[in-house]
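Below: the structure, in structure tokens.
The values are calculated or read from the model by the stated rules, or taken from the named source; none is laboratory data. Please read these numbers as outputs of a predicted model, since none were measured by experiment. All Cβ positions, even for glycine, are placed from backbone atoms using ideal geometry, and neighbour counts span all protein chains on display.
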Amino acid sequence: MEICAGAGGQAFGLHAAGFDAVCIYEQNKNAVATLKANRALGPVRQGDIANVDFTAYRGKIDLVAGGVPCQPHSSMGLQKGHADERDLFMYGSSADCRRDRAKSFFFENVEGFGFRANSNYRAELNRKFKKLGYDTQVFSFFGSRSDYGLAQNRPRVAFVGFRDVPISRFRMPPKFPEWRTTVGEALIDLVAANGWDGAEDWARNKANIGGSEQFGRLAFSANLRKQAWIELGIDPLGIAKSAPSADHPKGSCSNSR
């Protein structure tokens, strides 16, 4: 079972790894529409997991997975932890695992989750899981072009736990540097779709950027990197409605994705 599934990136990975989803939960309506368009992933439900009764899944779950909201632990935020109204770690993991007695869990989050500022929060979370019979560990990794072929810089953590199996038996997957790619290489066909002459030059910038949903609007990159991308001729704010037109100036900013 997956919670806070987003548009299904993790769901695809779990499906490819051999997991069959009993149910996939997500609150964002656009993400839900994307998930439902890929029904092979499993049944999809829209809603706030804080209001979901999971008792029907008791005894049926091998793995609870999800990408619970990162803002309570992000270095770009206030790092309020469980004081943040968006924090779902305590509810979205402890409560769910307690109710369905899942054999294991895997929750992905920002690297800030592992920062010293969040040490008390992690200790509390580990205490709760230990009481429930889970052996846990936090693993750091880069979901990036250098490790797993994603055209972005994305340092993350994986919070993993097993019930009745020691965590020492778990190994993070190997890295695949040969999959290295860039945003330009990944999106050149889309950016050039309307015949823009500057597409090749844009691709050679080798932009390495990610996205997030903040306060209901989409942002192409964190504010700390905004100026860097503007200097590269890329407008990092918002999402364009279409690819650049054929006569789009080569040297101007483009926010087409």
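Summary of computed values
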| quantity | calculated |
| --- | --- |
| Any hit, segment 70-83, residues being modelled with pLDDT under 75, at positive phi and either crowded, with 18+ Cβ neighbours inside 10 Å or not in a loop (DSSP other than H, G, I, E, B) (or both) | yes |
| Residues that are surrounded by 12 or more Cβ atoms within 10 Å (Cβ to Cβ) and either of a type in the set (S, T, N, Q) or at positive phi (or both), drawn from segment 31-65 | THR34, ASN38, GLY42, GLN46 |
| Restricting segment 1-29 to residues that are without any contact (Cβ under 8 Å) to a residue 60 or more places away in the chain and among the charged types (D, E, K, R), the residue that is surrounded by the most Cβ atoms within 10 Å (Cβ to Cβ) | GLU26 |
| Where a residue in segment 56-79 is assigned by TED's automatic domain parsing to the domain that holds PHE105 and closer than 19 Å to ASN118 by Cα and its partner, wherever it lies, is hydrophobic (A, V, I, L, M, F, W, C) and at pLDDT 80 or above, with Cβ under 7 Å and at least six apart | GLY67/CYS4; VAL68/CYS4; VAL68/PHE107; PRO69/CYS4 |
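Table: residues versus (1) among the small types (Gly, Ala, Ser); (2) at pLDDT 80 or above; (3) touching a helix residue (DSSP H, G or I) at 6+ places or on another chain (Cβ under 9 Å).
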{"position": "ALA11", "(1), (2), (3)": "yes, yes, yes"}
{"position": "ALA21", "(1), (2), (3)": "yes, yes, yes"}
{"position": "LYS29", "(1), (2), (3)": "no, yes, no"}
{"position": "LEU63", "(1), (2), (3)": "no, yes, yes"}
{"position": "SER94", "(1), (2), (3)": "yes, no, yes"}
